[in-house]
Every structure is written in structure tokens, then in C-alpha cells.
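Working notes, beginning with the structure itself.
The values are calculated or read from the model by the stated rules, or taken from the named source; none is laboratory data. On a predicted model such as this, the values are computed, not experimentally measured, just so you know. Backbone-built Cβ (ideal geometry, glycine too); neighbour counts: all protein chains shown. The area values use the complete protein model at the heavy-atom level, side chains included, leaving out ligands, DNA and RNA. Shrake-Rupley method; radii C 1.70, N 1.55, O 1.52, S 1.80 Å.
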Amino acid sequence: MALIEFTKRGIYCKQGNFYVDPWWPVDYAVTTHGHSDHVRFGNKYYLCHTLTKPIIKRRISEDLNVETLEYGESITRNGVNISFFPAGHIIGSAQVRLEYKGEICVISGDYKIEDDGITTPFEPVKCHSFVSESTFGLPVYKWQKQEIVFKGIKNWVNDNINQQKTSVLIAYSLGKAQRLIKNLAGDTPIYVHNSIANLNEVIIEAGVHLPKTIRITPETTKDELQKGIVIVPPAMRDSRWIKNLSHPVTGICSGWMQVRAHRRWQSADAGFALSDHADWPGLMEAITATGAEKVYVTHGFTAAFSRFLNDEGIEAAEVLTRFGQEDDEENKVDLAEQNENK
Amino acid sequence: MKRFAKLIQQLELSNKTNDKIAALVDYFNYADDKDKVWVIALFTGKKPKRPIKSALLKYWAIEITQTPEWLFAESYANVGDLSETIALLLPPAENTSDFQLHKWIEDLHDLEGKDDETKKDFILNAWNKLETQERFIFNKLISGNFRIGVSNKMLVNALAKQSSLDSAQIMHSIMGKWNPYEITFHELINGIHVNTDNSWPYPFCLAYALEQEPEKLGDIAEWQAEWKWDGIRGQIVKRNGELFIWSRGEELVTEQFPELHFMIDVLPDGVVLDGEILAVQDKQVLSFSTLQQRLNRKTISKKQLDDAPIVFFVYDILEYEAQDFREEPLSIRRHTLEQLIGDLDESPVMISPIINCSSWEELADLRQTSRSINSEGIMLKKLSSHYHSGRKRGDWWKWKINPYTVDAVMIYAQKGSGRRANFFTDYTFAVRDGENLVTIAKAYSGLTDKEIKEVNAFVNRNAIEKFGPVRTVKPELVFEIAFEGIAESKRHKAGLALRFPRILRWRKDKKADEINTLEDLRQLLQSTL
Ligand SMILES: [Zn+2]
Ligand SMILES: [Zn+2]
């Protein structure tokens with residue numbers, strides 16, 4: 001009997017009687033990482049990585065009942081052994097390894113292969129079945145090394161400063177923002193939006209070293225911001241606040257920026273293809289390394305990616321999930337929806 | 001090529017006209033002269049020699065990357081552009097190249113007539129020394145268009161700014177006939193070629209839509225009112241014994257309209273007329289769909305000439321006695337026009353009639369009758385106005401009648417192309433026919449980005465069936481569709497087709513059982529016949 005099944009509440013392990021990243025409230029939710037499409041309000045207990053705990057408490061509620069594991073640590077629930085391995089996606093992101101009577105299944109949540117300098121790098125885990133995302137599961141998505149992308153961002157910022165423009169980078173508060181801060185830190189001061197500053201506090205408190213940033217307050221002057229780097233979450237994108245800065249130019253950091261159509265669709269002034277998800281070669285590399293006989297493809301280009309795997313001789317199935325909407329705006333909608341349905 | 005690649009990127013990313021012009025000026029300041037000529041050629045739709053079919057490019061890319069054909073197709077569907085898909089799929093280049101744009105174009109030109117092996121070697125070698133963005137441009141040179149939101153006007157403004165020459169003069173020069181392989185940048189922008197070229201047309205003067213009350217325009221006596229027609233805007237040019245017909249797409253269409261060739265004997269040399277080509281029978285203007293039978297054809301049969309006879313409605317005279325006449329006021333131009341061809345009554349060339357009205361109210365009433373003569377409304381032109389290049393606010397207005405509308409429900413959705421490749425933006429709509437829904441129109445989104453995202457989420461959650469890229473969705477979302485006309489159609493199941501359908505707004509307040517019926521549309525059709 002398979003170790004996991006896909007139910008309308010989410011990925012379910014019957015033998016252990018728990019869910020992984022469920023989207024409806026359950027008793028016991030094993031949580032891969034703190035993004036809103038993977039962890040939701042209303043579960044009785046949560047099990048997540050040590051670093052994810054303060055993040056979800058801050059983002060969802062201080063009252064959550066949370067148990068934690070370090071990478072490589074394990075606990076057993078109803079005879080099912082649960083352990084965590086680094087997914088390299090964002091701080092605290094974990095692949096969940098389940099073992100029961102010699103059968104091993106790994107649910108990877110979201111992952112990327114490249115070491116981003118701040119997240120514990122991805123580690124492949126041998127297993128029989130593997131649950132993979134495919135956010136960028138098309139061969140046109142191949143990332144450049146992050147050094148090259150960051151060099152591009154730094155050049156863009158310097159040009160802007162010289163031309164009296166204010167550089168505003170749009171990035172998810174959790175994950176992308178910290179990656180930018182870590183890799184852009186230097187002589188140019190970095191100013192961050194409240195929501196990012198709040199998360200940074202929690203992350204630093206949990207023991208992660210983050211370079212110094214400045215929280216934007218009503219007292220911060222336009223002049224200061226013009227000479228620095230401003231990082232704000234996607235929800236701020238079309239805000240009046242940005243429009244009122246001195247000659248603002250926006251840059252979006254996302255894997256989608258690889259493709260012109262998306263760049264133009266986003267109507268930003270600059271696009272940088274920088275992603276916390278694996279690119280096509282990364283997905284292939286990860287899946288090959290697991291040695292899995294069966295792959296379940298969750299969010300992204302599920303149809304194309306699973307067809308390709310099948311053609312390559314790796315049995316793969318497309319599954320419908322509610323992962324894949326890490327937008328800060330969507331986040332609010334989802335929470336509201338969930339409260340309604342309680 | 002690097003400089004050009006950077007220009008394209010800047011143009012694609014900036015949303016503001018001024019930024020685009022600044023990027024162009026910057027480019028024209030520093031780029032190689034031969035490259036500049038090519039950039040003007042490419043942006044105005046002149047294509048370099050293309051000795052390689054795009055199917056071959058695709059085939060070679062598939063071969064060297066060992067991508068299955070279907071996966072290439074999926075990638076293409078996501079990226080929305082063939083040249084870009086290939087550029088992204090290829091492995092990173094192992095070398096770099098400082099070759100200039102015009103060198104690549106010339107080398108491509110030299111491939112003409114070579115065998116496929118030689119061509120393939122050349123292409124693979126090129127791909128291996130170009131970065132992704134350069135590769136994309138290289139592929140575009142062979143197989144695509146540079147549609148990047150740079151209008152001729154914008155290009156001309158940038159050139160005028162950079163060269164300090166007169167923009168109207170530059171517009172003439174680049175709209176004329178010239179060969180980018182031969183002309184120099186200096187010759188091109190100074191218009192050395194146009195004086196010896198008999199064919200060149202003038203830039204069309206275009207009107208803005210009137211959004212205010214016409215009373216605000218002042219005394220009606222200062223205005224000339226004409227019907228607004230929906231045909232093909234064109235110019236008839238007669239110089240040095242030669243006749244040319246241009247369409248608004250800046251294409252020469254002389255051969256497509258033999259009915260107008262008699263003008264070579266009527267017009268004196270040095271005359272340019274602005275007007276509209278319309279399908280007309282027994283003095284009645286027919287619908288645009290009739291005219292359509294005459295468009296984009298290499299040869300015209302006797303039957304097509306009989307079925308869709310055309311008339312050239314003359315609006316204006318731009319050149320007279322070989323002199324640029326555009327600075328004369330409209331009243332003088334109109335008078336000259338009447339003197340020149342006022343007696344051509346029974347021929348396929350007639351002067352667009354003036355609507356005589358003594359008050360705006362009277363004109364407003366007449367405007368309501370536009371549809372009965374297949375007109376789209378009224379054109380208002382100030383009698384003292386010059387003939388401007390392009391669009392200019394104030395002197396010419398189009399006062400269109402409101403479109404027809406129908407409430408319909410969305411039943412299919414399909415992903416868009418280009419910048420909307422990842423969103424469901426092309427929708428098919430249906431009205432009720434008894435118990436059934438019957439398709440009446442397909443429309444691209446006229447929605448805001450936010451609404452598109454919402455519809456997109458709805459489609460993702462409510463797709464009933466997949467047919468390739470098309471999703472059948474639950475008939476739930478109601479939209480108000482505007483359209484300009486309605487015609488019988490045997491090709492459509494509904495037996496009728498809407499002209500220029502577009503989404504006016506999302507009717508979130510309406511349920512699917514409140515939409516219009518096919519009977520409603522049939523009645524409308526009857527009333528317009
Ligand atoms: Zn995530
Ligand atoms: Zn995810």
C-alpha cells in the first residue's frame with residue numbers, strides 16, 4: 001500500500017494519520033516551509049523545521065501548537081518515521097522523508113539546487129517515491145549562476161543612483177527578500193518594508209546571520225531611499241507610496257523574468273531571473289539523484305514535466321494540489337477563504 | 001549586435017514614450033551608421049533577406065538540444081515567441097562575438113542559394129557565440145518581426161531629436177522606397193532618395209475620439225462634418241505619369257484595385273489624394289466584410305470585381321501641382337479638390353460628401369442615423385486646420401456612434417500569446433438558444449490585469465475539459481460584449497457573426513440565465529439588413 005495519497009485536504013499518510021502541507025484544517029500537519037501555499041491556518045498541530053517555527057508563528061498566529069525537527073532528526077508517528085532534509089528553497093525549508101516498513105517516500109515541498117548563500121543547500125535523499133514541484137518544469141527555464149544575476153542587479157542599482165532614480169526591488173517577504181539582502185549587502189544601504197523587517201527580526205532572533213538593513217518608517221527621507229536599495233513585497237507594487245518616491249524604478253526578481261512575455265506582462269522597469277525554485281536541469285538532477293521509481297508532480301508545468309519523465313522511463317503522475325500561489329496578495333485571500341470554511 | 005540587443009531590451013521594458021525615445025536617441029548617438037539604417041528598416045517593417053525557413057531553425061534547435069517535438073511546442077506555448085524559445089532552449093554559448101548587426105545581416109544575405117549543410121553550419125556556429133538576448137535577435141532577423149511598441153512616429157521623433165532635422169521630412173524619407181543594403185544613414189534621414197522617387201506617400205493625419213460634448217468645440221460653422229467610414233484608408237499618388245495606391249499599412253496596393261487605374265488619365269502630375277477604399281454598390285456603402293474579399297490578394301478575378309465593387313471616397317488633397325499642400329487650410333484644400341475632381345460623379349472615385357448642418361443638435365440627430373448607411377459616425381474637421389502628420393489633438397475628431405452590446409457568457413478560454421502567454425486571455429462567448437448555449441463571438445481581453453488574473457483563477461478552478469490549449473469552462477461568468485456590426489454567416493453555428501467584438505466590461509452583477517438570446521441578435525440582424 002502506498003505511503004501517501006492525495007485527498008481533498010492535501011497529501012495524506014494513512015499509516016501515520018497525518019498530512020503534509022494540507023490546505024484544509026487537519027489534526028496534524030507536517031510542514032515543509034513557511035510559504036502561504038504550503039502552511040495554512042487552523043491545524044491542531046504543526047511539525048516543521050526549527051527555523052520555520054518562529055516564521056509561521058509570526059506569519060499565522062502565536063498560538064499555533066508547533067513541534068520541530070532539525071535537518072537529519074526524526075520522530076515516529078504511528079510507526080511511520082518522519083525526518084527532515086534541506087530543500088534549499090528558503091530559510092527553514094525541508095524535504096519530508098517518510099519511512100514505513102522499508103518503504104520510503106520524500107515530499108520535497110519547494111526546492112532549488114543552487115546554494116543561495118543563506119539557505120542550507122539542497123541534499124538529495126534516496127527514496128522509492130518522490131513528490132516534486134515543477135514550477136519551472138520547461139526546458140526554457142535554465143538559471144544563470146546567482147553571481148551573474150546579482151552583478152546585474154548591482155549594476156542596475158548603481159546606474160539608478162547615478163541617474164537620480166530610486167531602485168525598488170520587488171521580492172517575497174519570506175525567502176527572496178533575505179536572499180537579496182544577503183547577496184546585495186555592501187556599501188549601498190538596504191531599506192526594507194515593514195513586513196520584511198518584521199520577518200528579518202524573527203529570523204535573526206532564531207540565530208541566522210543577516211546583514212544589517214534599515215526599516216522604512218515615515219521618517220525615512222526620499223533622499224536616503226534614492227541613494228539606497230529599497231526592497232518591498234509584491235503587494236506594494238502598484239502602491240502610491242512607490243509612485244511618490246523620487247524617480248522610482250522597479251525591478252522584479254523572479255524566475256518568470258527569464259521570458260520576455262512575463263517581463264512585459266509585469267510592466268516593471270527591470271526583470272531579473274532569480275528564483276528559489278529549481279530550473280529544468282535542477283529538477284532533472286534532483287529527481288535522478290533520488291533514484292525514485294515513482295514521481296508525483298504537484299504544482300507548475302505538471303503535464304509537460306510528468307510526460308517528459310514518463311518518456312525518460314521514470315514513472316510519473318500529475319497531481320492536482322493547491323500549491324503554487326506564493327503571492328502575498330493571494331495569501332490574504334486564502335486565509336479569508338479558510339476562515340469562512342471553518 | 002550587443003548594442004542593438006540592449007536597445008531592444010530597453011524598449012521592451014520601458015512603458016513610457018519618453019524613455020523609449022531616450023533609448024533610441026542614445027542608440028542613434030553611438031551606433032554604427034550601417035547598423036542604424038538597419039534598425040530603421042527593421043522598425044518600419046522592412047525585412048532583410050531571409051535565406052532560411054524558420055521551420056529549419058526550429059528543426060536544428062530540436063536536433064542539437066534533443067528536445068522532443070511536443071516539449072518544444074509546450075515551451076513555445078509558454079514563451080509565446082519562436083525566436084525566443086529557440087534562444088532559451090539552446091545550451092549556453094561557448095564563445096562570444098563582436099560582430100555588428102549589419103555584418104550579421106550581410107552574412108545572412110550571402111547564404112542565399114547555398115545548400116542546407118552550409119546554412120546549418122553557419123547558424124549553429126552563430127548560436128554558439130551569441131548570448132541569449134543576442135540569439136533571440138539573430139533568430140528574429142531570420143524569422144520574425146520586431147514588434148516592440150515603437151511606432152513610426154516615435155522612431156521619427158528620436159531621429160529628429162538626434163539629428164536636429166525636421167520630423168515630417170524624416171517621416172517622408174523613411175516611408176518612401178529605399179534599399180537598406182545600399183542607402184547610407186546620411187542619405188536616408190536627409191531624404192536624398194525621396195526626391196527622385198515618384199511613389200512616396202504622406203503620413204496620414206489621424207483623429208482622436210471625441211470624448212466631450214461637441215458644443216465645446218465652438219461654432220459649428222468653423223467645422224466640416226463628414227461621415228466616418230470603415231474601410232481601408234489609402235492615398236492615390238500621381239507623379240511623373242505614374243500612379244500609386246498606398247494603404248494605411250504603408251503598403252503599395254496599386255494592383256489590387258484596377259478600378260482606380262483610370263485616375264492616371266484624370267489626375268495631373270504632382271497630386272496626392274487621401275481617402276478611404278469602400279465596397280459600394282448602387283451608391284450604397286456595403287459592410288466591411290464585403291470589402292474583405294478584396295484584400296490581401298495577389299490576383300483579382302472578374303467575379304471578385306463584380307461581387308465587391310469598390311469606390312475611393314476622397315477626403316483630402318495633400319499635394320497639388322507638385323507642391324506639398326498640407327499647410328493650406330482645409331477649406332482651401334477642399335475647394336481645390338472640388339475643382340479638380342468634382343465632376344467624376346459616376347466613377348469609382350468620389351469626394352466624401354459634406355454633411356450640412358446649422359447646429360450641433362441637428363448633427364447629433366443625424367449621427368443617430370449613421371448605421372442605416374453603414375457609417376460609423378461622424379468626422380469633425382476644423383476648416384482652418386492643416387493636414388497634420390499622425391495624431392494631433394484639437395483639429396480632427398471622430399465622433400463615433402456607440403457600439404451595439406450584448407450580454408454573453410464565457411464558455412471557452414484559451415491562453416494568450418506574447419506577453420500574456422501564461423494567462424487565459426482569449427475567451428469565447430455564447431448566448432442562450434432555448435436550452436442550449438450557442439457561440440457568438442471570440443474576444444481578446446479588454447479587461448484590467450487584475451480582472452484577467454481573477455478570470456484566470458476561475459478558469460483554472462472551473463475547467464471542465466481540455467482540448468489542447470482550449471479549456472471548456474463552467475458557463476458562469478457574464479460579460480458585456482460591444483460590437484460594431486452584425487452579419488449573416490454560414491460558417492458560424494449561430495448563423496450570424498459579430499464585427500469587432502470586444503469585452504466592454506465584466507458583469508459580475510449578472511447571472512448566466514440573464515444573458516441575451518440568439519433571438520435578440522436575429523432581430524438586430526433583421527433590422528440592419
Ligand atoms: Zn515556497
Ligand atoms: Zn510552492
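For this structure, a couple of remarks:
- Looking only at the stretch A:212-241, and only at residues there that are within 17 Å of A:Ala197 (Cα to Cα) and open to solvent by less than 20 Å² (accessible area, probe 1.4 Å), the one that is nearest to the chain's Cα centre (by Cα): A:Pro233
- Where a residue in the stretch A:110-137 is closer than 17 Å to A:Leu309 by Cβ and its partner, wherever it lies, is away from ligand 2 (no atom under 16 Å from the Cβ) and hydroxyl-bearing (Ser, Thr, Tyr), with Cβ under 8 Å and at least six apart: A:Pro124/A:Thr290; A:Cys127/A:Thr290; A:Phe130/A:Thr290; A:Ser134/A:Ser306
- Residues of the stretch B:486-500 that are farther than 13 Å from B:Leu437 by Cα and open to solvent by less than 10 Å² (accessible area, probe 1.4 Å): B:Leu496 alone.
- For A:Ser83: the one exception among (1) more than 16 Å from ligand 2 (Cβ to nearest atom); (2) touching a residue at least 24 places away in the same chain (Cβ under 8 Å); (3) open to solvent by less than 10 Å² (accessible area, probe 1.4 Å): (2)
- Selection from the stretch B:7-52 of residues that are among the basic types (Lys, Arg) and at pLDDT below 90: B:Lys16, B:Lys46, B:Lys47, B:Lys49, B:Arg50
- Taking strands (runs of 3 or more DSSP E) as the structural unit, no element lying wholly within the stretch A:103-178 holds at least 2 residues that are within 15 Å of ligand 1 (Cβ to nearest atom) and of a type in the set (Asp, Glu).
- Qualifying residue in the stretch B:149-164 (condition: assigned by TED's automatic domain parsing to the domain that holds B:Gln10 and under 21 Å from A:Arg260 (Cβ atoms)): no
- Residue list for the stretch A:306-317, restricted to those being outside any helix (DSSP H, G or I) and either open to solvent by 30 Å² or more (accessible area, probe 1.4 Å) or within 14 Å of ligand 2 (Cβ to nearest atom) (or both): A:Glu312, A:Gly313, A:Ile314, A:Glu315
- Criterion (within 17 Å of the chain's Cα centre (by Cα) and open to solvent by 20 Å² or more (accessible area, probe 1.4 Å)) met by exactly one of A:Ala273, A:Ala185: A:Ala273
- Hits in the stretch A:254-275 - residues which are within 16 Å of ligand 1 (Cβ to nearest atom) and either touching a helix residue (DSSP H, G or I) at 6+ places or on another chain (Cβ under 6 Å) or within 11 Å of chain B (Cβ to nearest Cβ) (or both): A:Trp256, A:Leu274, A:Ser275
- So A:Asp279, is it within 14 Å of another protein chain (Cβ to nearest Cβ), buried (at least 21 other Cβ atoms within 10 Å of the Cβ) and of a type in the set (D, E, K, R): yes
- Criterion violated by B:Trp127 - all others in (1) within 30 Å of B:Arg239 (Cα to Cα); (2) over 25 Å from the mean Cα position of the chain (by Cα) satisfied: (1)
- Condition check for A:Val168: away from chain B (no Cβ under 14 Å) and within 29 Å of A:His49 (Cα to Cα): no
- Close pairs from the stretch A:291-309: first touching a residue at least 12 places away in the same chain (Cβ under 8 Å) and within 8 Å of chain B (Cβ to nearest Cβ), partner in a loop (DSSP other than H, G, I, E, B) and β-branched (Val, Ile, Thr), Cβ under 8 Å, at least 6 apart: A:Phe301/A:Thr135
- B:Ser83 being closer than 30 Å to B:Ile170 by Cβ, of a type outside the set (A, V, I, L, M, F, W, C), open to solvent by less than 10 Å² (accessible area, probe 1.4 Å) and within 14 Å of chain A (Cβ to nearest Cβ): yes
- Filter result for A:Leu320 (modelled with pLDDT under 90 and within 16 Å of ligand 2 (Cβ to nearest atom)): yes
- When residues in the stretch B:148-170 are screened for being among the aliphatic types (A, V, I, L, M), part of a helix (DSSP H, G or I) and modelled with pLDDT under 75, 1 of them pass.
- Pairs where the first residue, in the stretch A:176-203, is in contact (Cβ under 8 Å) with a residue 12 or more places away in the chain and the second is surrounded by fewer than 22 Cβ atoms within 10 Å (Cβ to Cβ) and of a type in the set (Lys, Arg), C-beta under 6 Å, 6+ apart: A:Ala197/A:Arg215; A:Val202/A:Arg58
- Per this entry, B:Glu215 is counted among residues that are within 30 Å of B:Glu361 (Cα to Cα) and not aromatic (Phe, Trp, Tyr).
- Among the residues of the stretch A:1-57, the ones that are touching a residue at least 40 places away in the same chain (Cβ under 8 Å), in a loop (DSSP other than H, G, I, E, B) and away from ligand 2 (no atom under 16 Å from the Cβ) come to 12 in all.
- Cβ-Cβ distances below 8 Å connect the following pairs, each with a first residue in the stretch B:43-59 that is of a type in the set (Phe, Trp, Tyr), a second residue that is at pLDDT 85 or above, and a separation of six or more residues or different chains: B:Phe43/B:Leu155.
- Residues that are more than 17 Å from B:Leu217 (Cα to Cα) and not in a loop (DSSP other than H, G, I, E, B), drawn from the stretch B:378-408: B:Gly390, B:Arg391, B:Tyr404, B:Thr405, B:Val406, B:Asp407, B:Ala408
- Taken together, B:Gly394, B:Gly446 contain a single residue that is open to solvent by less than 60 Å² (accessible area, probe 1.4 Å), at pLDDT below 85 and either under 27 Å from the mean Cα position of the chain (by Cα) or of a type outside the set (D, E, K, R) (or both), which is B:Gly446.
- When the helices (runs of 4 or more DSSP H) confined to the stretch B:7-78 are screened for residues that are within 13 Å of another protein chain (Cβ to nearest Cβ), those reaching at least 1 such residues are found at B:17-30, B:54-65.
Matching residues to (1) open to solvent by 10 Å² or more (accessible area, probe 1.4 Å); (2) closer than 30 Å to B:Ile192 by Cα:
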residue: B:Phe4; (1), (2): no, yes
residue: B:Leu11; (1), (2): no, yes
residue: B:Asn15; (1), (2): yes, no
residue: B:Asn29; (1), (2): yes, yes
residue: B:Lys49; (1), (2): yes, yes
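- If you go through the stretch B:106-133 and pick out every residue that is within 14 Å of chain A (Cβ to nearest Cβ) and either surrounded by fewer than 12 Cβ atoms within 10 Å (Cβ to Cβ) or not in a loop (DSSP other than H, G, I, E, B) (or both), you end up with 2.
- Among the residues of the stretch A:262-305, those identified as modelled with pLDDT of 95 or more, hydroxyl-bearing (Ser, Thr, Tyr) and in a helix (DSSP H, G or I) are A:Thr288, A:Thr290.
- Restricting attention to the stretch B:216-260, the residues that are outside any strand (DSSP E or B) and either open to solvent by less than 10 Å² (accessible area, probe 1.4 Å) or not assigned by TED's automatic domain parsing to the domain that holds B:Leu380 (or both) add up to 2.
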